[in-house]
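Single-structure report; data block below.
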Amino acid sequence: MSKMDSVNILGCEAISSLGDLKQTVKLIKNSETGISSKRIDANGEKVKIPYYLLENEVKQNQKDIYAVLKNLLKKIVANMDKNKRKSTALLIGTSLIDWYLVDAINSCAYEYKKTPYLSQKRSIDSYAKQLSSEFGLSDFTMSINTACTSSANALLEAKNLINAGVTDYAVVLGLEIFSPVMSSGFYSMDLISETMPKPFDVDRDGLVLGEAAAGILLGKEKSSWTLEGGFSNCNSQTITSVSSSGDECVEVMRKALEDCSLHVEDITALKAHATGSNSNDEAELNAISKVFDSSLIFTALKPYIGHTIGASGVIEISIMMNAVDEGFIPKTLFCEESIIEDFAPINEHKECKSGTFMCNYFGFGGNNTSLVIKKT
Amino acid sequence: MRKVALKISNAAKIFTETKIENLEEKRLVPNMMMRRRLTRNAKVMLYLSDKCSFKSGKIVYGSCFSELEETAKIANAVLEGGLLSPTSFQNSVYNTAPSYFSLINRDKDEIITISSGMKTSRETIKTAALQALVSGEKVLCVCVECINIKNIEEINKCAKYLEAGAAFVLETTEDFSGAKEIEDKREKGMMDSLKEIMSVVDMFEQADDKILVEL
């Protein structure tokens, strides 16, 4: 990614297992989590796993998915007039596979439960197209699916769009809802925690999935928050993870700083990806210790809202911004003893009203992204 | 909206009605263990990128159906209550094919994965154009669909070619002379999600190496 101007963050909205964005940050301040549980099919039996679920269930159908995205977008563009909307691109970052595809497979391709296949179903991007049309936005839509980095990468692409003069504004939506395929898949890989995510803790035993929908509006108008820049690459040791040394993550963080013409000492705090899984936490913390010194303030948000996969890019930045607006950086829950003694995430909320923040996202397939946001 | 002219330096396509027989896996991926893990989409992508002489750099990859075989295996295991293969799960994500490319070629550059239903190749080309415009670098734009799975005939009523893919290497140019809009030149029976990219490769093969894309 070449060095480009920063763009401003003009607004954000979200819903998580803790409620809307305001409620989420309020409860985070009180150290509350949105963890509950869900029964899934795994290895021929029903298994109860911890899960961060939205209060109002979003069913796996196009009506529910569209409704949740529409509600979010309605709030985000509420104050934009017709002309501004016309120059607003819409990007969606999600790891959800197209439901019509799953339905097709379930209905026909395999012969377990045969039901008629309805072909009138939508691809993920058709939500963007329809939302764009309903709200009078630009024709430019994009749906990015790079697993955990989906909406983080969508933010970088949105910045590119604005800087290239294609549109004046861009809305990035991130979405993740319960998926039987995904939860069973993570379970089969032994990646789901039995209790709760414990990022960077020596006794961590896995991640906990979460549902969320979030959106961020970018543009050039004046705002106290900016997306300074970032870097994304694809560099892994295996198809699912980076090496334990964390060297791949080191490169991403350093190049993100370079993209923003910043040095490590310019970073006020870092929001880690920190899923609570064994290998990724080790790699990320090793990487952090190679890039920063031990005075770095860093934290993890997944113990509050879960691992929201494709939505994590947008929702975790939204939470960081709102928490700083409220005057604090959230502490990391459930980390009692860090993997690296000198590099422990904060265990008390840290007072903070402004600064420059790095946000990490490291996902499947070695797709790694670091973003930098700033509040003046 | 903004129009950009793209200069194409290399292009390739491949398609067949059932299964593409020779994707030159042994030459492209000498490591047997790695080769055995590759998905169909990954094999087609590696073949196409090799034909485009592209070993490293930015990639924009598109697929409507993604890793259908792996997804079907997972869906089947969930439905029948059988054991779910961790390998299938690892290989089921949309960015699996370009991730294997990254692993095999040690490419550390940016990769974006797009999925936009039947408009996938159009959106992938747009995104690749944006990447090229912003970075000033050459970008590999590649789309692959492999839907040759068990019982596919029960849901597939329109695609004749069940394995297909196309790729081209592009960069932006200030010189708009001779640049053409993408014409629909694709083979009848090609999946709609590959429509535009197949047409671009056809145009390139007919000596049209400059196209116009509206962002």
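The values are calculated or read from the model by the stated rules, or taken from the named source; none is laboratory data. All figures in this text were calculated on a predicted structure; none of them were measured in a lab. Quick reminder, even Gly has a Cβ in these numbers, built from the backbone with ideal geometry, and neighbours come from all protein chains shown.
General remarks:
- Residue-level check: of (1) in a loop (DSSP other than H, G, I, E, B); (2) of a type outside the set (Ser, Thr, Tyr); (3) away from every other protein chain (no Cβ under 14 Å); (4) buried (at least 18 other Cβ atoms within 10 Å of the Cβ), A:Val242 misses just (3).
- Of all residues in the range B:7-33, exactly one satisfies the criterion of being within 14 Å of chain A (Cβ to nearest Cβ) and surrounded by 14 or more Cβ atoms within 10 Å (Cβ to Cβ), namely B:Val29.
- Residue match in the range A:72-89 (condition: assigned to a strand (DSSP E or B), touching a strand residue (DSSP E or B) at 6+ places or on another chain (Cβ under 6 Å), among the polar types (S, T, N, Q) and at pLDDT 95 or above): yes
- When B:Gly82 is tested against the conditions (1) touching a residue at least 24 places away in the same chain (Cβ under 8 Å); (2) facing another protein chain (nearest Cβ under 7 Å); (3) of a type outside the set (Asp, Glu), the lone failure is (1).
- Number of positions in the range A:326-350 that are free of Cβ contacts under 8 Å to residues at least 60 places away in the same chain and within 17 Å of A:Lys26 (Cβ to Cβ): 1
- Residues in the range A:182-211 that are more than 15 Å from A:Glu336 (Cα to Cα), among the charged types (D, E, K, R) and surrounded by fewer than 23 Cβ atoms within 10 Å (Cβ to Cβ): A:Asp190, A:Glu194.
- Among the residues of the range B:69-91, the ones that are closer than 13 Å to B:Arg37 by Cβ and part of a loop (DSSP other than H, G, I, E, B) come to 2 in all.
- Residues of the range A:181-206 classified as outside any loop (DSSP other than H, G, I, E, B), more than 14 Å from chain B (Cβ to nearest Cβ) and under 18 Å from the mean Cα position of the chain (by Cα), total: 0
- Single residue of the range A:121-172 satisfying the filter (touching a residue at least 60 places away in the same chain (Cβ under 8 Å) and in a loop (DSSP other than H, G, I, E, B)) that is farthest from the other protein chains (Cβ to nearest Cβ): A:Phe135
- Scan of the range A:324-364 for residues that are crowded, with 22+ Cβ neighbours inside 10 Å and either outside any loop (DSSP other than H, G, I, E, B) or among the acidic types (Asp, Glu) (or both), ordered by number: A:Val324, A:Ile329, A:Phe357, A:Met358, A:Cys359, A:Asn360, A:Tyr361, A:Phe362, A:Phe364
- Just one residue in the set A:Glu248, A:Glu265, A:Glu284, A:Glu258 is free of Cβ contacts under 8 Å to residues at least 24 places away in the same chain and among the acidic types (Asp, Glu); that residue is A:Glu265.
- Verdict on B:Phe65 being more than 7 Å from every other protein chain (Cβ to nearest Cβ), of a type in the set (Phe, Trp, Tyr), in contact (Cβ under 8 Å) with a residue 12 or more places away in the chain and within 23 Å of A:Asn153 (Cβ to Cβ): no
- Test result for A:Asn8, polar (S, T, N, Q), within 14 Å of chain B (Cβ to nearest Cβ) and over 27 Å from B:Gly117 (Cα atoms): no
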